[in-house]
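Before any comments, here is the structure.
Please treat every number below as a calculation from the coordinates, not as lab data. If you're wondering where the values come from, they're calculated on a predicted model, not measured in any experiment. As a convention, Cβ positions derive from the backbone with ideal geometry for all residues, glycine included, and neighbour counts pool all protein chains shown.
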Amino acid sequence: MLDNILSILIFFPALAAIFGFAVHKDSMRAYGVSVSFIEFTLALMLWFSFDSNVSGMQFMEQLPLVPAFGINYILGVDGISLFIVILAAFFTMIGIASLSDTKDVKNMIITLLFLQMTMVGVFVALDAIVFYVFWELSLVPMLYLIGAWGGPLRIYASVKFFLYTFTGSLVMLVGMLFMAYFYFQATGVWSFAILDWYRLILPETFQLWLFAAFFFGFAIKVPMFPFHTWLPYAHGQAPTIGSVILAAILLKMGTYAFIRFSLPMFPDAAVFFMFPIAIIAIIMIVYTAMVAYAQEDVKQVVAYSSVSHMGVIILGTFALNVEGITGSIFLMIAHGVVSGALFLLVGVIYDRRHTKMMSEFGGLASVMPRFATIFGIMMMASVGLPLTINFVGEFLSLLGFYQQSHILTLLAGIAIIVGAIYMLAAYKKMFFGEVTNEKNRNLPDVNKRELIALVPLVIITVWLGIYPKPLLGPINNSVESVVQLMHDKAITEEAKARIPNLIEGIEITKTTDTEAQ
Amino acid sequence: MLEPVNVSLESLNLMTLAPMLIPIIGALLILVIDIFKSGLDKSLFVMISILFLLIDLGAIVETAGIFTENGTMMGVFDVMLIDGLAILAQLIIVVASLLFIPLALTHKHFHEFAYPEFFALFLFMLGGFQFMVATDNLILIFVGLETASLALYTLIAMHNRDKSFEAAIKYFTMGALSAGFFSFGSMVFYALTGSIEINQIAAVLGANGFADMGFVLVGVVFVLAALGFKLSLVPFHTWAPDVYEGSSASLAGFMSIVPKIAVFIVAMRMFEFLIHSGVVWLEVILYIVVVVTMTMANMWALVQTDVKRMLAYSSITHAGFVMAAILIGTTQSNSALFLYWILFSFINLGAFSMLWISRQKHLPYHQYTDHSFEKFAGMIQTSPVAATIMGVFMLSLAGIPPFALFWGKIYLISSAVTGGYTVLAFIMALNSAVGAYYYLKLVVYMFMKEPVINKDGHVFVANATTPLKTIIGFAAVGTIFAFLAVNPVLEFITALVYKSGY
């Protein structure tokens, strides 16, 4: 079973979704929770049988799909993708478990299960086309989630989300086809396998163009600064569960793809674009933090803060050294947990009052003490308080980038302080002071179902904030091999200097070949 | 006194005629049956047509077998030319027809199917198309094209609505014009080279190094215009939306597939040698036509309020997309053309059939067109299965993986990349993104809006009978599981195209 565990992880939710059509709608929620619980257990099994000392791909699977054109169904997982897969399984489970009463709950759960298939697929695919298939397919359930269960502007928001991402990914697709063609020219065989592409050393000009093509697809997904405009709409209109999944998992596809594709395949281009991207990342951090401060809708605050944190992840990724990249991967998970939790919390209050305007609230701390506590912890995590999960990631990311540029890191550090301002301001507006609005006087505190979703998140936030090693170990292992690969592949002097050489080369292709058999 | 011509029967190689003659015999048989006993039910004629199409399919497979062993076959005074392109095109034509003809078995009674002549004309038309693809003789191409077109005009008009007559007349006028263009272009080539066989023309022009460039260009422009009318390339597309709207949905789906693949083959035979001859102007002209067709048709499709018209414009876009393959002109791109068209025919026939089963006999008072977007609002609530299937077709047309058209699309874009047309590759990719918007529009209407007009889901399957549902199910399964079939199909196509020397 473990040989095919990745395929099972991908297709089990899809299969369950198809069977789900036959389940009666009153029992659908229980069905969804059970399926996602089984999926989560499988993901945990993957973790326990994962060998943390191996830096390369594990649990590889390979099947020919269109061999005439070099497309194969190749899956594999390493330290970089492992925890995001687990996170995806975890959040689908939590999301379904905490689902409040909605119309068409059956359709929604089926959609979520399909979405889960695509999310897992993106993170374990090792063939560019298979990756692309899941990447694009993930848009469809999300489109439906936002468009069918969203707010008043839902259709505009969902179509904008879809078209924006779709356009970017088509440019990326052309880039992939070019990459395959270059591989074909170099070796005489068509191949879309990412591990094959890793071995291809391209001239710098080619790298720059291809990097740009891939960048479009990834940057829109992240979303990076000039391309971020779809996200506030999507978050603003999406139902709670949609926002949670979007922030926790879907955005990570972009940053994950940077590490999986852009860095190891185009190391020279990555160095060439390091500072422009870092500057965009810092603009992203500062600008969206300021925009977040100006919001009146608490969900928009969380949405913009989410963009802001994605900026830190990008910054860490483009530090191009082990600390930075490890930090950015850790921050992806941390941000997933924290922003997912914040969206859940916003959902809790929205269910009670059907408004997200901060001016409607005030003094909630006395009415809903448990809610205020959890919100407080999550907010502290979001601003990066030490001993919470976000701090580890942010610290490592900035530490990594500090080795590349002191000034820019300093700017980014200041921006994080701005982050503290808007978060604290939002918290103050909502929770402190007198209860001014009569409607808030008798709000019920978080109920059992919501606690089931929120308490694990709080535990994870604190646990990994204090003791991040279980995650950092495997991540670090895999990142080292990526960085070493980049160093070995780099052709320009500057790239060789910027990307550190780790004592001895780690042959990632070697381990993968044995794994494949 | 003229000498008696001595020709041995073997040298005629009459086997090459068999696939074309089978539908013609079928058509004659239908007419004969009608003479002996009139007023027979349409189901009889549908089944007879299917039987003849199956025999036809067998004959084509037979020739395919001979082709893979012996290579290109010539026959009947070297007029017939059976090569890989001819075989592939005939396969597409016959298989698409097999999917089309059972659509006549609707729940409601429509005027045209009451006449056996409908089926006879249909089979005559197929014979015409098959002749057209299996020759490189310009006269026979012309004859085949006209036979098929005249039959098609009549088929459209038989739908017996005001708009159908309008469509038929419009198509007829445009078709007549294009016939004139085609004959004029052929005349120029004949005047230049003294031959009406495309390979002879290529040989003569190549030998004198394209000395009469001006005249070649004149000929090319006329032929391109003629083919452009048939392929509905911009700016010769103006008939297409009106004709699609006027004809029945099933016939519109058929028109978007079969006539076009026949004309694509002619275009491939015609332009292949011209592009590789280094005639720069031709490349520029084709490049412009391709880009303009893709882009403009996309823009027009954005603003349509009727699903059928939207699909008409989308068919124009896809035709422009595939025309790019002819512009690129490598083995990979020519194979991509066939792969794309095979996948496209499944999806497009499926999508048009979905419109067909929701066709009402008379327009309700609040509806101006048969298939306005409003009609489909909230379909997921009233008729979930039909909505899901239609949604799959739309996503597939938009090129969302892993549905069928995606594979054709990447192979085609990849052929642009390998052929050195980098900018074209990006234009194609961006046009796919624009296209996604109008396909999504229908998805949005079906899945995200509340039902406005049709609170009752029955209207969406009003016309459905078991055969129709089977066809749609077949198309849907083909669309979803295409990724399993892509590899063998691609290998088969590439082998045939490569062996034909394209």
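Brief remarks on what is shown
- Applying 1/(1 + (r/R0)^6) with R0 = 45 Å to the Cβ-Cβ distance of B:Ala462 and B:Ser8 gives a FRET efficiency near 0.15.
- Along the axis of the charge dipole computed for chain A (Cβ charges of +1 for Lys and Arg, -1 for Asp and Glu, origin at the Cα centre), the listed residues A:Met357, A:Gln484, A:Met172 are led at the positive end by A:Met357.
- Working note: Karplus 6.51/-1.76/1.60 with θ = phi - 60° gives region A:214-219 the couplings 5, 4, 4, x, 6, 5 Hz, where Gly and Pro are set to x.
- Computed from phi, the 3J(HN,Hα) profile of region B:111-118 under the Karplus parametrisation 6.51, -1.76, 1.60 (θ = phi - 60°) reads 3, 5, 6, 6, 9, x, 4, 4 Hz, with x in place of Gly and Pro.
- Anisotropy class of region A:305-373 from Cα gyration tensor, a/c 1.5 cut: prolate
- Alpha-carbon gyration tensor eigenvalues x 5, square-rooted, for region B:191-247, Å: 32, 11, 7
- Packing, taken as the mean count of other beta carbons within 10 Å per residue, orders the peptides B:196-202, A:209-215, B:315-321 from highest to lowest as B:315-321, A:209-215, B:196-202.
- Restricting region B:395-476 to trypsin sites (Lys or Arg not before Pro) that sit in a DSSP loop and have at most 14 other Cβ atoms within 10 Å of their own Cβ leaves B:Lys455.
- Descending by average beta-carbon neighbour count within 10 Å, the peptides A:156-166, A:7-17 line up as A:156-166, A:7-17, the highest first.
- Rg and Dmax of chain A, Cα atoms only, in Å: 21.9, 74
- Separation of region A:362-378 from region A:174-215 is 52 Å, based on Cα centroids.
- Peptide A:144-157, shielding by other chains (average Cβ, 10 Å cutoff): 2
- Inter-chain Cβ neighbour count for B:414-422, averaged per residue, equals 4 (cutoff 10 Å, partner chain atoms only).
- Look at the stretch B:391-404: the mean tally of other chain Cβ atoms within 10 Å of its residues' Cβ atoms is 3.
- Close amide H partners of B:Gly501, meaning residues 5 or more places away or on another chain with modelled amide H under 5 Å apart, do not exist here.
- Treating r as the C-beta distance of B:Leu40 and B:Glu166 and R0 as 35 Å, the FRET efficiency rounds to 0.70.
- Backbone N under 13 Å from the A:Ile283 label point (7 Å along Cα→Cβ), restricted to region A:206-226: A:224-226
- Only Lys, Arg, Asp and Glu carry charge here, each on its Cβ (+1 for the first two, -1 for the last two); on that basis region B:12-499 has a dipole of about 1140 debye about its Cα centre.
- Region B:434-493 and region A:231-275: distance between their alpha carbon centers, rounded to Å: 32 Å
- Extended-chain gain in nm, criterion 0.36 nm per residue less alpha-carbon gap, A:Met45 and A:Leu502: 161.4 nm
- Within straight-line cross-link reach of A:Lys103, lysines at Cα separation under 16 Å, skipping those fewer than 8 residues along the same chain: A:Lys25, B:Lys449
- Of A:Lys299/A:Lys429; A:Lys356/B:Lys441; B:Lys42/B:Lys108; B:Lys230/B:Lys469; A:Lys299/A:Lys428; A:Lys106/B:Lys469, those spanning more than 20 Å from alpha-carbon to alpha-carbon: A:Lys356/B:Lys441; B:Lys230/B:Lys469; A:Lys106/B:Lys469
- Under 5 Å, built H, 5+ apart or other chain: amide partners of B:Ser372: B:Val307
- Cubic angstrom per residue, convex hull over Cα atoms of region B:18-95: 85 Å³
- Think of the protein assembly as shown as having a plus end and a minus end, set by charges on the Cβ of Lys, Arg, Asp and Glu; of B:Pro402, A:Pro232, B:Thr470, A:Pro232 sits farthest toward the positive end of this dipole.
- Residues whose placed amide H lies under 5 Å from that of A:Asp127, excluding near-sequence neighbours: A:Ile74, A:Ile194
- Segments A:269-277, A:84-92 sorted - mean Cβ within 10 Å per residue, highest first: A:84-92, A:269-277
- The modelled label-to-label distance for the pair B:Ile285/A:Asn437, using points 7 Å beyond Cα in the direction of Cβ, is 6.9 nm.
- Chain lengthening between B:Leu484 and B:Val32 when straightened (0.36 nm per residue, less Cα-Cα): 158.4 nm
- Two-decimal ratio, the protein assembly as shown, of alpha-carbon radius of gyration to 2.2 N^0.38 Å: 1.02
- Note that region B:261-275 has calculated 3J(HN,Hα) couplings of 5, 4, 6, 4, 4, 4, 4, 5, 4, 6, 8, 3, 6, 5, 5 Hz, one per residue in order, obtained from phi through the Karplus relation 6.51 cos²θ - 1.76 cosθ + 1.60 (θ = phi - 60°); glycine and proline are x.
- Across region A:273-466 the C-alpha pair distances fall into 10 Å bins from zero in the proportions 10, 37, 32, 15, 5, 0 percent.
- For region A:51-81 versus region A:1-42, the gap between their alpha-carbon centres in whole angstrom: 23 Å
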